[in-house]
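FYI, it's all coordinate maths here, none of it is from the lab. Every value quoted in this text rests on a predicted model; they were computed, and no experiment measured them.
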């Protein structure tokens, strides 16, 4: 299916450490987005990477995309307690229909 | 802008009752999406609209579910009759046209509990 699968499902780190989560998918895509969801809230867009891009940065976020391996990674550097949330990748193959992955639950310990 | 507005925020109802969820997208956005989120199934796209017209409703689980968008500033998702397995958080999101690269803005969600 088009759905991305995040890995790991859950991640617990100490404040100040880097957090890396991965998204793998099976079909070709046009672009891939990462979203964050705080407990009990809606999703918030973090960053978008297009299929012809390999890496993008936004503040403490770094996203990579490897279309040959059909995978993307989200790196959060110098994590903070406020980064505790679930992170989702969302894929589209050319329409406005985005399919969200299963999510990674990140817990940053102060 | 106030962002995407959903109402109610919480809904508790009994099996068999009709449930109507409401959404007001961000002004000027051409696309509106309805999602359902559960622990078991994750975030599922139910249906999305473009310029008030349903484009893809393949995610609507059953005939018990229906969605409408009578105008650019309002959409409803109706479940009739409701069942306990419909319990979930329902999100509405909107985005602007202009290519395939636009982010979606999510509402706070409606937590539905069907007893």
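Brief remarks follow.
- Highest GNM mean-square fluctuation among A:51, A:86, A:73, for chain A modelled with Cα contacts below 10 Å: A:51.
- Entry for region A:5-109 at q = 0.16, 0.21 Å⁻¹: log10 I(q)/I(0) = -0.63, -1.08, Debye formula applied to identical alpha-carbon scatterers, no solvent contribution.
- Averaging the Cα positions of each part gives two centres, and for region B:20-90 and region A:88-105 these lie 17 Å apart.
- Compactness index (Cα Rg / 2.2 N^0.38 Å), chain B: 1.01
- The largest-to-smallest principal axis extents of the Cα set in the protein assembly as shown are 48, 38, 35 Å.
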